[in-house]
1. Restricting to region 88-136, what's the tally of residues that are of a type in the set (F, W, Y) and either buried (at least 18 other Cβ atoms within 10 Å of the Cβ) or within 11 Å of K24 (Cβ to Cβ) (or both)?
2. Mind counting the residues in region 64-95 that are part of a loop (DSSP other than H, G, I, E, B) and in contact with an Asp or Glu (Cβ under 6 Å, 6 or more places away or on another chain)?
3. Restricted to region 82-105, and to residues that are modelled with pLDDT under 90 and among the charged types (D, E, K, R), which residue is farthest from K62 (Cα to Cα)?
4. Could you give me the residue pairs with C-beta distances under 7 Å whose first residue belongs to region 4-22 and is closer than 17 Å to F132 by Cβ, whose second residue is among the charged types (D, E, K, R) and surrounded by fewer than 16 Cβ atoms within 10 Å (Cβ to Cβ) wherever it lies, and which are 6+ apart or on separate chains?
5. So which residues in region 18-69 are crowded, with 18+ Cβ neighbours inside 10 Å and more than 21 Å from P123 (Cα to Cα)?
6. Going through L120, L86, L127 one at a time, which residue ends up being aliphatic (A, V, I, L, M) and farther than 15 Å from V12 by Cβ?
7. Among (1) without any contact (Cβ under 8 Å) to a residue 12 or more places away in the chain; (2) surrounded by 12 or more Cβ atoms within 10 Å (Cβ to Cβ), which single condition is I84 missing?
8. Regarding region 42-63, can at least one residue be identified that is assigned to a loop (DSSP other than H, G, I, E, B), hydrophobic (A, V, I, L, M, F, W, C) and within 18 Å of K7 (Cα to Cα)?
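The values are calculated or read from the model by the stated rules, or taken from the named source; none is laboratory data. This is a predicted model, so every value here is computed, not measured. Backbone-built Cβ (ideal geometry, glycine too); neighbour counts: all protein chains shown.
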Amino acid sequence: METNRPKIGVWVMIYKDEKILLGKRKNAHGDGTRSFPWWHLEFNESVEKCAIRETMEETGIKIKNIRMGPFTNDIFHEENKHYITLFVLCDYDKWEVKVMEPEKCEKRERVTREEFPSPLFLPIKNLKKQGFHPFK
C-alpha cells in the first residue's frame, strides 16, 4: 500500500549581471505563474548534481558556484500535492537561455529586482513569507 508523501523539488536561482532567471509555467499546476527553473530530485541523486544536469537539459545553461539556499514546505490543497522545495543559488557559467520544453514553460526571462513579475508560484510566495528575497 502506497502512502502519500511529499515530493522533493529542486529550484535553481541563476544569477547574472544583477538579474535572475524566471520562467512562465504552462500546462501544469501553477499554470501562468512565474517560477525559477525546477525539477524533481531523483533517487540517489545529490541536489547539486540535479541542479547541474537539469539546468543544462531544460535551459541550455551551464551553472557554477552552486550554493544551498533555503527550503519551503509547499502544500497545494486544490491539486492534492505536497512538495518540499530546496532552493539552490548559483551563477551562470555559459549563458544561452533556451526553452527546451515549450509544453511546460511558455518563456524564460532574466529580470531585475524592480521587474520581478507576478503572479508567483506558491514556493516563491512561501519563500518571500520567510523573509527571503532572491535579490537580497
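1. Count: 2.
2. Taking region 64-95 as the starting set, the residues that turn out to be part of a loop (DSSP other than H, G, I, E, B) are 77-80, 95.
Still in the running and in contact with an Asp or Glu (Cβ under 6 Å, 6 or more places away or on another chain): none.
Of the residues in region 64-95, 0 are part of a loop (DSSP other than H, G, I, E, B) and in contact with an Asp or Glu (Cβ under 6 Å, 6 or more places away or on another chain).
3. Taking region 82-105 and keeping what is modelled with pLDDT under 90, we get 92-105.
Pick out the ones that are also among the charged types (D, E, K, R) and you get 93-94, 96, 98, 101, 103-104.
Values: D93: 5, K94: 5, E96: 9, K98: 12, E101: 17, E103: 22, K104: 20 Å.
Taking the candidates together, the pick is E103.
4. Filtered contacts from region 4-22: Y15/D91; L22/E109.
5. Answer for region 18-69, where residues must be crowded, with 18+ Cβ neighbours inside 10 Å and more than 21 Å from P123 (Cα to Cα): I61, I63.
6. Residue meeting the stated conditions: L120.
7. Only one criterion in (1) without any contact (Cβ under 8 Å) to a residue 12 or more places away in the chain; (2) surrounded by 12 or more Cβ atoms within 10 Å (Cβ to Cβ) is unmet by I84, namely (1).
8. Yes, region 42-63 has at least one match.
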